[in-house]
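The values are calculated or read from the model by the stated rules, or taken from the named source; none is laboratory data. What you see is a predicted model; the values in this text were computed from it and never measured. For neighbour counting, all protein chains shown are included, and Cβ atoms are generated from backbone atoms with ideal geometry for every residue, glycine included. These accessible areas exclude ligands, DNA and RNA; they are computed on the full protein's heavy atoms, side chains included. Shrake-Rupley method; radii C 1.70, N 1.55, O 1.52, S 1.80 Å.
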Amino acid sequence: MKSSLQVIIFDFDYTLADSSRGVIECINFALDRLDLPPAGDAEIRRTIGLSLPDALVMLVGKEYARHADAFTRLFVERADEVMTDMTELFDVVPETVAALRNLGIRLGIVTLKYRYRIESVLKRDRLSEAFEVIIGFEDVSAHKPDPSGLLTAVERLDCDRQNCLYVGDSVTDAKTAQRAAIDFIPVLSGVTPRAAFDDYNVYTILEDVSGLLNLEPVRKLQ
């Protein structure tokens, strides 16, 4: 980081929250309606952070890619019913977010999840005002690891890239930050192992987002 930290942008799933119960429910709902065999919980957890078409291919094979549109439609149909109730912010998130904001750090979210669903979870947990920018699936035409969503968030927050961090749990997030030329911090609160980030130039690796409060650029603001 070349200058002072001004902005931290987060991924959502497995970074700020655990929506795996909802994802498992919605994926198997969609597979059932398409007369495809159900997927195991562990298999589905490994798809979190991928686009729905990529998740479908990973779970049932490339030969079923032609069902991607129907799979996505069915997933969203079920998710509109259950996903908010089945998504839980990690325990460390509210306190960490409050502390970062008290230090004057501006916060955003860039995710493959629909923005309206993120907003629903944040409203429920009284964190709607904490994040100035949320870029969801419906807000960009090219999705992670394409950097356009992350760069859009940086632009809206009126921040130079060298003063930003992107925090996420997956290799997809690492690729996104790399392509955007923004420093990346992986957190190990998801299912991606530490070794998966060996091929990426990361700022540091944290167990969860609470570790941000111990970073030197953050401590300088305290």
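Both radii were evaluated on the Cα set of region 150-190; the Rg over Rh quotient, with Rh as the Kirkwood radius, amounts to 0.98. On a per residue basis, region 106-176 carries 43 Å² of accessible surface, using protein heavy atoms and a 1.4 Å probe.
Label-to-label distance for Glu63 and Glu207 is 4.5 nm, based on points extended 7 Å past Cα in the beta-carbon direction. The phi torsions of region 106-118, fed into the Karplus equation with coefficients 6.51, -1.76 and 1.60 and a -60° offset, translate into couplings of 8, 10, x, 9, 10, 8, 7, 7, 5, 4, 4, 6, 4 Hz, rounded to whole numbers, with Gly and Pro shown as x. The shape of region 1-63 can be summarised by an equivalent ellipsoid whose semi-axes, obtained from the alpha carbon gyration tensor, come to 32, 13, 8 Å from longest to shortest. A dipole drawn for region 1-95 from +1 and -1 charges on Cβ atoms has a positive end, and of Val93, Gly61, Ile8 the residue lying farthest that way is Gly61. Going Cα to Cα from Lys144, which lysines come in below 17 Å? Please leave out same-chain ones fewer than 8 positions away. By straight Cα distance, Lys144 reaches Lys113, Lys175.
Simple point charges give the picture: +1 on the Cβ of Lys and Arg, -1 on the Cβ of Asp and Glu, and for region 63-222 a dipole about the Cα centre of about 240 debye.
Using a simple spin-label model with pseudo-atoms 7 Å out from Cα toward Cβ, Ala196 and Glu119 lie 3.0 nm apart. Using R₀ = 22 Å, calculate the FRET efficiency as 1/(1 + (r/R₀)^6) where r is the Cβ-Cβ separation of Asp85 and Ser51; round to 0.05. Computed FRET efficiency for Asp85 and Ser51 comes out at 0.40. Approximating the spin labels as points 7 Å out from Cα along Cα→Cβ, the Glu132-to-Ser4 distance works out to 1.4 nm. Among Ala39, Ala17, Ala174, which one shows the highest mean-square fluctuation when the chain is modelled as a Gaussian network with alpha-carbon springs under 10 Å? Of Ala39, Ala17, Ala174, the most mobile in the Gaussian network model is Ala39. By the rule of a C-alpha distance below 27 Å, with chain neighbours fewer than 8 residues away ignored, the lysines paired with Lys220 are Lys2. If the chain linking Ala42 and Gln222 were pulled fully straight, counting 0.36 nm for each residue of separation and taking away their Cα-Cα distance, it would gain 60.8 nm.
By definition, a body whose alpha carbon gyration tensor gives a ≥ b ≥ c is rounded when a/c is under 1.5, and region 83-222 falls into this rounded group.
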